Amino acid sequence: MGTMARSPLGLVLLLSLCSATALASYSYVESGEGGRSGSGRPYHFGEESFRHWSQSRQGRFRVLGRFTHELLEDAVGNYRVAELEAAPRAFLQPSHYDADEVMFVKEGEGVVVLLARGKRESFCVKEGDVLVIPAGAVVYSANTQQNKWFRVVMLLNPVSTKGRFEEFFPIGGESPESFFSVFSDDVLQAAFNTRREEWEQVFEKQSKGEITTASEQQIRELSKSCSRSGRHGSGESIWDIKPSSLTGKKPSHSNNHGRHYEITGEDCPQLRTLDIEVGLANISRGSMMAPSYSTHANKVAIVLEGNGYFEMACPHLSSSSGRSSPRRREREHGSREWGREEEEEEREGEQKSRGYKQVRSRIKEGSVIVIPAGHPVTLVAGDDKNLAVLCFGVNAQNDEKVFLAGSNSLLRQMDEQAKALAFGAEEEKVDRVIGAQSDAVFLRGPSSRRVASE
């Protein structure tokens, strides 16, 4: 042993063994139980996929890149995900988007003021609230807390250019710049009935940035005018817009392994107009959400808290061994000729592959997942804390959630003759397997089952 330890050859062999062991361990962690390899691409997006539009000590606004992959573009290509974080007593300058916005308050409390149709509405919002802001409404907001950050997650639906939206500031300086600054002197002087010099002293003196800090007195005054139903001086709330508490509702599903909340178009007319629904799954640590799919809605899911992983069955990434044509293999490696080649295959009479590929990736706070309609998927929480996932469902009209395992599994509704024809097993065994799970929606996870069986 002593001679080998001093030998250069022995040292090389030892280093090689250590490297191989480390690589094997890494591969096991990435591929999961049973060695089933999988990748989250192109359905999973991490922190690196966000770009900061504004960032300072007072807060930040960041936007996820566009969904441009061919498998995502038709389903969610016109939508964007963004996150806002505002420090205590932060004030966000007035602006408008050329996009409809569905915002969810992830943390904290604040006041959101809308200027639209010649009126003002001021809303008090808090953690768990959902609020719809129409495109073109001028909005300013503030964190009303003294020592807690205000964090918002939003889904935007651009109305001008597909998949692209812009923010327009009427008041500014160097940063942000007022969009009025590009108009000619003659136009500004005529529009405001004042000299350009006086106009500049009002509209272009803001030099503290897009997110500034308000005094305690200013926060108190802003808070006085807000309400849960909106307030603009008199009359009814315009468009009947008001915050809807997602977590204040009774859960649609709840057991020891998790809770699910949802707001649909039936609860919020503005969501119905946009054909969007909002759901929140809070999965207990070590638990999982039963495999399921949505019949119509394409889901954009954002991890709000915790960590874990997701698995999804995808036919588009499938590679059928032994029967894949060269064209199909090329397509699986990112060919942009997907649609045209598939049409050619159909014309040529080539048999379509019936295989599926596992899409799998670890997820943590800030991760974004796209789940197309019809794709079976499951979410699994880590062992250390709960996993909270916010889901925006687009194309939500007539959508239904179909569960494939658990006491509410749709497979349990099959009649006896269909079971005999479809399954290659004895009827008694089929009933035992699909009927063994007594929980619904939220189940004991893989790691919890291992611990319980030891």
Could you work out what % of the accessible surface of the stretch 129-194 is carbon and sulfur, using a 1.4 angstrom probe and leaving DNA, RNA and ligands out of the count? 49
Rule-of-thumb check for the stretch 132-219: C-alpha Rg over 2.2 N^0.38 Å? 1.35
When ligands, DNA and RNA are left out and all protein chains stay put, how many square angstrom of accessible area per residue does the stretch 38-135 have with a 1.4 Å probe? 38
Extent of the stretch 143-190 along each principal axis, from alpha carbon coordinates, in Å, largest to smallest? 46, 34, 18
Quick one: of K299/K364; K119/K250; K126/K250, which pairs are farther than 24 Å apart, Cα to Cα? K119/K250
Got a number for the accessible area of Y293? Probe 1.4 Å, square angstrom, nearest 10. 60
Measuring with a 1.4 Å probe in the full set of protein chains, what accessible area per residue, in whole Å², belongs to the stretch 366-454? 54
What does the accessible area of L421 come to, in Å² to the nearest 10, when a probe of 1.4 Å is used? 150
What ratio of Cα Rg to 2.2 N^0.38 Å holds for the stretch 42-99? 1.35
What is the local net charge at E83, summed over the other residues whose Cβ is closer than 12 Å to its Cβ (Lys, Arg +1; Asp, Glu -1)? +2
Sorted on mean Cβ neighbours within 10 Å (highest first), peptides 84-96, 107-119 come out as 84-96, 107-119
Determine one quarter of the surface area of the Cα convex hull of the stretch 73-137, which equals its mean projected area, and express it in nm² to one decimal. 5.3
Could you check the spin-label model distance between R228 and Q358? Points 7 Å from the Cα along Cα→Cβ, value in nm. 4.6
Once the Cβ-Cβ distance between E197 and R51 is put in as r, and R0 is 35 Å, what FRET efficiency do you end up with, to the nearest 0.05? 0.40
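The values are calculated or read from the model by the stated rules, or taken from the named source; none is laboratory data. Given the structure is predicted, the values throughout are model-derived calculations rather than measurements. Positions of Cβ are generated from backbone atoms using ideal geometry, with glycine treated the same way; all protein chains shown enter the neighbour counts. Heavy atoms of the whole protein, side chains included, go into the accessibility calculation; ligands, DNA and RNA do not. Shrake-Rupley method; radii C 1.70, N 1.55, O 1.52, S 1.80 Å.
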